[in-house]
Amino acid sequence: MSILVDNTFGVLSRVSGLFSRRGYNIDSLTVGTTADPRFSRATIVSTGDDQVLGQIEAQLMKLEDVLDIKRLDSGSSVCRELLLLKIAANKNDRQEVISIANIFRANIKNGTELGMEAKKYMDQGQLVPDELTVKILLDRVAKDDCQNGYVLDGFPRTIPQAQVLDEALAKLGETIDYAINVDVPDENIVRRMSGRRACLSCGATYHIEHVPPKAEGICDTCGQELVLRDDDKPETVLKRLKVYHDQTQPLIDFYTEKGVLKEVDGTVDMADVFNAIVAILG
């Protein structure tokens, strides 16, 4: 049911307390302010027959805060479940997780055959096999917007993924044209990242060389102290770089042996890096 209430202190406690006192169970509860900040709307899912639901509505209408109640029957409303997943991934892997997740989400949402196959593994808490991941990826790059070529950013990340991708492309009569490694020395990366400063109060970010604050160590926006986050400390960056090299070097060797690896100097201006990549791609 959808309940319109006054946006006042303690209203949620009074509504949920009524359910508790009367012995009604709340399966789920979400509350948010409406377009008019004076009011909030609570959506409550509770189980019971018409008599029980009628009793709940009658008791809720006795509350001074409650302005209106609408029963959301299953046939005339949309219900969605929210799934929160915690994935073990370091910062180097997060972009890959996000990119692949977007493709997986689109397939599952659209009810595609590949999406439903992947969902079976996901529903059982299992990893989606590399073979199926590559199938979903190739299905995406077969779309019209990829007919003139495409760039795979952050994939593959492992030798098994690279091998499965090569095998799948071979069946289509295709190959990887180029594998581009933007090379930046570790000391440059450490200097770039350790130069970051963050305001924990308002979230603003700076860099002591490239985007310095007007006053050293002080946030331009809110005037609070800027800090060097643990993730940006040199020792932390070096540990992350070691993980990156351990994962990436085998792939560099893999594509070097295939004669498709191209190196780009990542220490120059960003525009020059971009132009160098464009020149490789032709």
Original post:
Picking from Val182, Ile252, Ile208, whose Cα lies most toward the positive end of the charge dipole for the chain (charges on Cβ: Lys, Arg +1; Asp, Glu -1)?
Top reply: Ile208
Original post:
Between the DSSP loop rule and a limit of at most 10 other Cβ atoms within 10 Å, which trypsin sites (Lys or Arg not before Pro) in the stretch 193-282 are left?
Top reply: Lys214
**OP:** Please give the calculated 222 nm ellipticity per residue for the chain, where each DSSP H segment of at least 4 residues contributes -39500 (n - 2.57) and the sum is spread over every residue; nearest 500 deg cm²/dmol?
**Re:** -14000 deg cm²/dmol
Original post:
Helix 50-60: angle to the longest alpha-carbon principal axis of the chain, degrees 0 to 90, nearest 10?
Top reply: 90
Original post:
Mean separation of Cα pairs under 8 Å and 6+ residues apart, divided by the residue count of the chain: what relative contact order is that in percent?
Top reply: 13
**OP:** For the chain, find the longest principal axis of its Cα atoms and tell me its angle to the long axis of helix 11-22, 0 to 90°, nearest 10.
**Re:** 60
Subject >> Pair Leu238, Ala168: separation of 7 Å Cα→Cβ label points (nm) >> reply: 3.9
Original post:
Could you put Phe274, Phe39 in order, starting from the residue whose Cβ has the fewest other Cβ atoms within 10 Å?
Top reply: Phe274, Phe39
Original post:
Going by how many other beta carbons lie within 10 Å of each one, how would you line up Leu226, Leu132, Leu281, fewest first?
Top reply: Leu281, Leu132, Leu226
**OP:** Could you list Thr47, Thr133, Thr236, Thr8 in order of exposure, starting from the residue whose Cβ has the fewest other Cβ atoms within 10 Å?
**Re:** Thr47, Thr8, Thr236, Thr133
**OP:** Can you tell me the dipole magnitude for the chain around its Cα centre, using point charges on the Cβ only (Lys, Arg +1; Asp, Glu -1), in Debye to the nearest 20?
**Re:** 1020
Subject >> Alpha-carbon Debye profile of the chain, log10 I(q)/I(0) at 0.15, 0.16, 0.17 Å⁻¹ >> reply: -1.15, -1.21, -1.29
Original post:
Mind listing P(r) for the stretch 177-282? All alpha-carbon pairs, 10 Å bins, whole percents.
Top reply: 13, 31, 30, 18, 7, 1
Original post:
Among all the lysines, which ones have a C-alpha under 16 Å from Lys143's C-alpha, if same-chain residues fewer than 8 places away are not counted?
Top reply: Lys135
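Just so you know, all these numbers are worked out from the coordinates, no wet-lab data involved. Predicted model, so just to flag it, every value in this text is computed and none were measured. Neighbour counts run over all protein chains shown; Cβ positions are idealised from the backbone, glycine included.
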